[in-house]
Amino acid sequence: MHREGRQLTKFTLSSTICACAAKYAINECKQLHAIAIKLALDANSFVGTAILDVYAKCNMIKDACWVFEKMPDKTLVTWSSLFAGYVQNGLHEEALCLFRNAQREGVKLSEFTLSAIISACASLALKIEGTQLHAVIVKCGFHGNFFVAASLVDVYARCGQIEKSYALFAYMEQKNVVIWNAMIAGFSRHAHSWEAMILFEKMHQLGIFPNEVTYLSMLSVCSHAGLVEEGRHYFNLLMSDQTVEPNALHYSCMVDVLGRSGKTDEAWELIHKMPFEPTASMWGSLLGSCRNHNNSGLARIAAEQLFQLEPDNGGNHVLLSNVYAASGNWENVLMTRKYLKDSGAKKEIGRSWIEAKGKIHVFVVGERKHPAITDIYNKLEEIYHDMRKFAHMTKIECDLHDVHDDQKEELLKHHSEKLALAFGLISLPPNIPIIIHKNLRICGDCHSFMKVATHITERLFIVRDVNRFHHFKDGSCSCGDFW
């Protein structure tokens, strides 16, 4: 049509660009974008929205934003496309900022858009914003939508409010499998394994068939609770379920079930027997299990596979280094860390954050820049002083640096989650739980510290690390020291 010199209309262009989005054909989209500019159709809402959608789906979010800003007339679909683009690309804070702009401009949002924004709140664990969005949804009459309802169940669970999550779930008269999955996943994150299993059985009794997400959640439940036989049971159910096709994620979860329980050799066998190419998540799970169960030989094999699959992920080098450090093999520790430095792979810095008075406060190990840092360190010293009455000893074996024990103890004392806890104790009222979020796995010393601290302060602490929620109360943790 273009070769024959026929004039392209806004409808032809937008339809063709939409086809590019379905195929992720970015080069063709750029060519069509150039044609649209040449024909002065790029400002048209249909054409502009279609171009924006392609850029967003192809991870070119800056280009999508540029198109959005240039459009004089933005439709609801335009706003929704950029919302979805932000969420798909993990830009949750930007999605929330866009939501606030939409509210200021009086844009009436759809169920789809609100569901995406709730997902952004869930990923950031923003309790206040999630509650405010819930009110907006009720006001708009969207609370009966299955996907919106599932997102609300998810956001309360991710924000540490599992009771509210279940109350909302129980209140719903009609539930589809998406809502059931959201609740089971919530129980899994909070180490409520038996509650998740009861829900699975209720699904079966009510004739609601599990899908691939349901089985993933159940295997995750078993993995984090150390329930090996139950994990085998759900894996076998999946294999015999004619309506669900097992995929690599299911096998990865089963590898985790076995590995976390110390059955690293069996996990290794499963990787070799499965009908899929091993993924980075499988090798990563096996490497993490080898670290926890001191299997340095298998750890090396898993790490070598990860170095090939994820050459830029410095976390894999750190994990292998930790395996060697735990066994006192400092020569290999130095070799691994040198390789990490030479490779240019990036190591993720551990961070913890806490919400207080509508503001997020972020801490790193040895934090010195926070305005209340003096009070924070004083509070931390006060807690350590009280802990001596309980004969609490710092777990110096959790610090894997080749330094003197005194230096190890000092490094461990100022881990980011401990600083966040001290800030919470001096900033939040005594009648509310202190909720801390961490981007990495909580270490053994911090876990032990939290248990004793909750006994001393008579407060409830909830720590959400990269794997799960830990509810610390009366000197114990909901994970049963298995995480």
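The values are calculated or read from the model by the stated rules, or taken from the named source; none is laboratory data. Worth saying up front: this structure is predicted, and the values here are computed from it rather than measured. Every residue, glycine as well, gets a Cβ built from its backbone with ideal geometry; the counts of neighbours run over all protein chains shown.
Values as computed for the structure displayed
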{"quantity": "Given (1) touching a strand residue (DSSP E or B) at 6+ places or on another chain (Cβ under 9 Å); (2) at pLDDT below 75, number of the condition Phe363 does not satisfy", "calculated": "(2)"}
{"quantity": "Failed item in (1) on the phi > 0 side of the Ramachandran plot; (2) surrounded by fewer than 16 Cβ atoms within 10 Å (Cβ to Cβ), with Gly226 passing the rest", "calculated": "(2)"}
{"quantity": "Pair list, Cβ < 7 Å and 6+ apart or interchain, from the stretch 423-440 residues that are without any contact (Cβ under 8 Å) to a residue 60 or more places away in the chain to residues that are assigned to a helix (DSSP H, G or I) and surrounded by fewer than 22 Cβ atoms within 10 Å (Cβ to Cβ)", "calculated": "Leu425/Lys379; Leu425/Thr457; Ile426/Asp375; Ile426/Lys379"}
{"quantity": "Residues of the stretch 188-199 classified as part of a helix (DSSP H, G or I) and out of contact with any Phe, Trp or Tyr (no Cβ under 8 Å at 6 or more places or on another chain), total", "calculated": "4"}
{"quantity": "Close pairs (6 angstrom Cβ cut-off, 6 or more residues apart or separate chains): in contact (Cβ under 8 Å) with a residue 12 or more places away in the chain in the stretch 133-151, part of a helix (DSSP H, G or I) and of a type in the set (Ser, Thr, Tyr) anywhere", "calculated": "Phe147/Ser115; Val148/Ser115; Ser151/Ser115; Ser151/Ser119"}
{"quantity": "Looking only at the stretch 173-199, and only at residues there that are surrounded by fewer than 21 Cβ atoms within 10 Å (Cβ to Cβ) and among the hydrophobic types (A, V, I, L, M, F, W, C), the one that is nearest to Ile162 (Cα to Cα)", "calculated": "Trp194"}
{"quantity": "Residues satisfying the stated conditions in the stretch 45-64, i.e. in a helix (DSSP H, G or I) and under 25 Å from the mean Cα position of the chain (by Cα)", "calculated": "Asp53, Tyr55, Ala56, Lys57, Ile61, Lys62, Ala64"}
{"quantity": "Phe112 being over 17 Å from Ile360 (Cβ atoms), outside any helix (DSSP H, G or I) and free of Cβ contacts under 8 Å to residues at least 60 places away in the same chain", "calculated": "no"}
{"quantity": "Pairs where the first residue, in the stretch 343-366, is over 20 Å from Cys443 (Cβ atoms) and among the acidic types (Asp, Glu) and the second is surrounded by 12 or more Cβ atoms within 10 Å (Cβ to Cβ) and modelled with pLDDT of 90 or more, C-beta under 8 Å, 6+ apart", "calculated": "Glu355/His361; Glu355/Ile435"}
{"quantity": "Which listed residue, of Gly328, Gly366, Gly350, is touching a Lys or Arg at 6+ places or on another chain (Cβ under 8 Å) and part of a loop (DSSP other than H, G, I, E, B)", "calculated": "Gly350"}
{"quantity": "Conditions (1) farther than 24 Å from Ser188 by Cα; (2) buried (at least 16 other Cβ atoms within 10 Å of the Cβ); (3) among the charged types (D, E, K, R): number failed by Lys263", "calculated": "(1)"}
{"quantity": "Number of positions in the stretch 205-226 that are under 18 Å from Glu245 (Cα atoms) and assigned to a helix (DSSP H, G or I)", "calculated": "9"}
{"quantity": "Looking only at the stretch 85-98, and only at residues there that are under 20 Å from His134 (Cα atoms) and touching a Ser or Thr at 6+ places or on another chain (Cβ under 8 Å), the one that is surrounded by the most Cβ atoms within 10 Å (Cβ to Cβ)", "calculated": "Val87"}
{"quantity": "Flag if Glu355 is among the acidic types (Asp, Glu) and either crowded, with 18+ Cβ neighbours inside 10 Å or at pLDDT 80 or above (or both)", "calculated": "yes"}
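Table: residues versus (1) within 15 Å of Thr113 (Cβ to Cβ); (2) among the aliphatic types (A, V, I, L, M).
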residue: Leu133; (1), (2): yes, yes
residue: Cys140; (1), (2): yes, no
residue: Val148; (1), (2): yes, yes
residue: Val153; (1), (2): no, yes
residue: Arg158; (1), (2): no, no
residue: Glu163; (1), (2): no, no
residue: Tyr166; (1), (2): no, no
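A quick yes/no check of all residues on (1) farther than 19 Å from Gly186 by Cβ; (2) surrounded by 22 or more Cβ atoms within 10 Å (Cβ to Cβ); (3) within 19 Å of the chain's Cα centre (by Cα):
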residue	(1), (2), (3)
Ile208	no, no, no
Val221	no, yes, yes
Cys253	no, yes, yes
Pro275	yes, no, no
Cys290	yes, yes, no
